[in-house]
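Written below as structure tokens is the structure these notes are about.
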Amino acid sequence: MLSNACKYAIRAVVYLAIHGNVNNKLGAKIIAEELEVPQPFLAQLLRKLTTNKLVSSSKGPGGGFFLDQKNMENTLWEVVSSIDGEYKFDDCFLGLSKCNNENPCPVHHIVSPFKEEILSSFKDKSIAVLVTEIEQNGTIISLKGIDLSI
């Protein structure tokens with residue numbers, strides 16, 4: 001449902017919310033290494049997020065990306081719509097071009113409630129709330145350094 005670019009952007013914003021602030025700015029290279037995503041692509045996404053005022057940045061020595069208090073109030077939906085556009089949740093699950101409530105695909109009525117719930121959660125959940133949930137639940141945004149062997 002979300003593009004890889006959008007997934008990378010969400011992970012980067014969450015990483016910045018946890019590890020960066022006005023006193024600890026992070027470069028795209030460090031973030032990309034930690035999240036194991038392509039650095040040039042991530043840098044491009046961070047610039048777009050900065051232009052859209054979802055991430056803050058400063059140039060020069062000691063510069064980099066960070067989230068200030070205003071950025072932390074942004075929602076996941078603002079990140080998604082900035083990268084993928086607002087239509088993303090209108091796309092048909094099966095990829096049909098004319099799928100909607102009046103002209104549904106075979107799985108429309110199964111998928112539609114879940115899409116609406118996700119969309120509602122994305123619109124209601126701020127980055128600050130998401131970070132609190134991450135810290136409480138111990139969820140991860142990267143597999144780097146985790147032993148996955150069984």
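Read the figures in this text as sums done on the coordinates, not as results from a lab. Fair warning: this is a prediction, and the values are worked out from it, not measured in the lab. Positions of Cβ are backbone-derived with ideal geometry, glycine not excepted, and every protein chain shown enters the neighbour counts.
For Cys105, the amide hydrogen comes within under 5 Å of the amide hydrogens of Asn100, counting only partners 5 or more places away or on other chains and with H modelled in the peptide plane. The trypsin sites (Lys or Arg not before Pro) of segment 23-91 that meet both conditions, a loop assignment by DSSP and at most 13 other Cβ atoms within 10 Å of the site Cβ, are Lys53, Lys59. Summarising the label geometry, the points placed 7 Å from Cα in the beta-carbon direction at Asn23 and Arg47 lie 3.1 nm from one another.
For segment 83-130, state which GluC sites (Glu not before Pro) are in a DSSP loop and have at most 11 other beta carbons lying within 10 Å of their beta carbon. If you can, show how the numbers build up before the last one.
Values: sites: Glu86, Glu102, Glu116, Glu117; in loops: Glu102.
Qualifying residues, ordered by number: Glu102.
Exposure proxy for Asp91, Asp124: other Cβ atoms within 10 Å of each Cβ, ordered fewest to most, give Asp124, Asp91.
Using R0 = 25 Å, the C-beta based FRET efficiency linking Lys125 and Asn100 works out to 0.45. Among Val13, Val55, Val22, which one shows the biggest mean-square fluctuation in a GNM of the chain, springs joining Cα atoms closer than 10 Å? Evaluated over the chain, the most mobile residue of the options is Val22. Here's the list of lysines a cross-link from Lys29 could span, going by alpha-carbon distance under 18 Å and ignoring same-chain residues fewer than 8 apart: Lys7, Lys48, Lys59, Lys144. For segment 64-77, 3J(HN,Hα) computed residue by residue from phi via the Karplus equation (6.51, -1.76, 1.60; θ = phi - 60°) reads x, 9, 6, 10, 8, 4, 5, 4, 5, 7, 5, 9, 4, 4 Hz, glycine and proline entered as x. Angle check, please: helix 39-51 long axis (alpha carbons) against the longest principal axis of the chain (alpha carbons), in degrees 0 to 90, nearest 10. Once rounded, the angle reads 80 degrees. Sequence-distant contacts, meaning Cα pairs under 8 Å at least 6 residues apart, place the relative contact order of segment 4-137 at 27 percent.
Estimated at 0.36 nm per residue, the fully extended path between Glu116 and Ile30 surpasses their Cα-Cα distance by 27.5 nm.
Dividing the radius of gyration of the alpha carbons in segment 48-96 by their Kirkwood radius gives 1.16 for Rg/Rh.
Output the 0 to 90 degree angle, nearest 10, between the alpha-carbon long axis of helix 4-19 and the longest principal axis computed from the alpha carbons of the chain. Once rounded, the angle reads 40 degrees. The long axis of helix 108-124 is offset from the longest Cα principal axis of the chain by roughly 30 degrees.
Cα-based radius of gyration for the chain, normalised by 2.2 N^0.38 Å, reads 1.15. In segment 37-84, Cα pairs under 8 Å separated by at least six residues give a relative contact order of 34 percent.
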